[in-house]
Amino acid sequence: MELNATTWKPWHDELMKMVVDGVSPVQMSLRLNKSSKMIKDVVGSEYFKVRMSDIQQTITTSITKTWLEAIDTDAVKEAREEIGRSAVEAAKTIVWISKNGEVEDKMRFEAAKDILDRAGVRAPELVKQQREERSYSPEEVAKAREILAESEAIVKRLINTPNRFVIADGK
């Protein structure tokens with residue numbers, strides 16, 4: 001049987017949790033009362049991999065955000081303030097080079113442009129978006145909400161774990 005949104009069962013969610021928690025395949029088989037072959041087939045299926053990838057992306061994003069917030073120290077804040085103070089001078093340099101500059105001023109121009117970029121002043125970028133329309137069944141929406149709730153619970157557990165790089169909770 002091919003695994004998809006229609007054939008997905010609650011035990012598949014449990015299996016995903018076990019994979020995230022680092023449970024061995026033998027233990028997965030015993031806990032779920034499923035054959036080792038079935039566990040291997042499900043975990044190896046494309047649908048399972050896609051769903052795991054989505055959860056891992058959510059976890060990675062949350063960990064990265066938490067980590068970035070944690071490293072926002074006084075030194076980083078001071079560096080940002082210094083870049084902000086340098087932005088006005090950098091803007092003046094770019095204007096001066098545009099009016100009076102020579103070819104040799106390219107390095108000064110690039111440095112000034114980098115300072116402005118780091119200060120958050122940059123030329124607008126044009127981004128072309130392509131969007132595909134897709135309808136989702138009520139079951140898919142419900143399952144997505146379940147996965148989101150599970151992901152949020154995992155993230156909450158990770159945030160409350162002293163070592164933020166440990167995923168397993170000791171089970």
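The values are calculated or read from the model by the stated rules, or taken from the named source; none is laboratory data. Because the structure is a prediction, the values reported are computed rather than measured. As a convention, Cβ positions derive from the backbone with ideal geometry for all residues, glycine included, and neighbour counts pool all protein chains shown.
Couple of notes before you dig in:
- Filter pass, Lys37 being farther than 24 Å from Ala142 by Cβ and surrounded by fewer than 15 Cβ atoms within 10 Å (Cβ to Cβ): yes
Each row is one residue, and each column tells you yes or no for (1) at pLDDT 75 or above; (2) farther than 30 Å from Val155 by Cα; (3) among the hydrophobic types (A, V, I, L, M, F, W, C); (4) not in a loop (DSSP other than H, G, I, E, B).
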residue	(1), (2), (3), (4)
Ile63	yes, no, yes, yes
Trp67	no, no, yes, yes
Val76	no, no, yes, yes
Lys92	yes, yes, no, yes
Val95	yes, yes, yes, yes
Lys99	no, yes, no, yes
Val121	no, yes, yes, no
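- In segment 82-99, the residues that are crowded, with 16+ Cβ neighbours inside 10 Å and in contact (Cβ under 8 Å) with a residue 24 or more places away in the chain: Ile83, Ser86, Ala87, Ala90, Ala91
- Taking the criterion of being over 26 Å from the mean Cα position of the chain (by Cα) and part of a helix (DSSP H, G or I), no residue of segment 1-10 qualifies.
- If you go through segment 6-55 and keep only what is acidic (Asp, Glu) and under 21 Å from Ser151 (Cβ atoms), you end up with Asp13, Glu14, Asp21, Glu46, Asp54.
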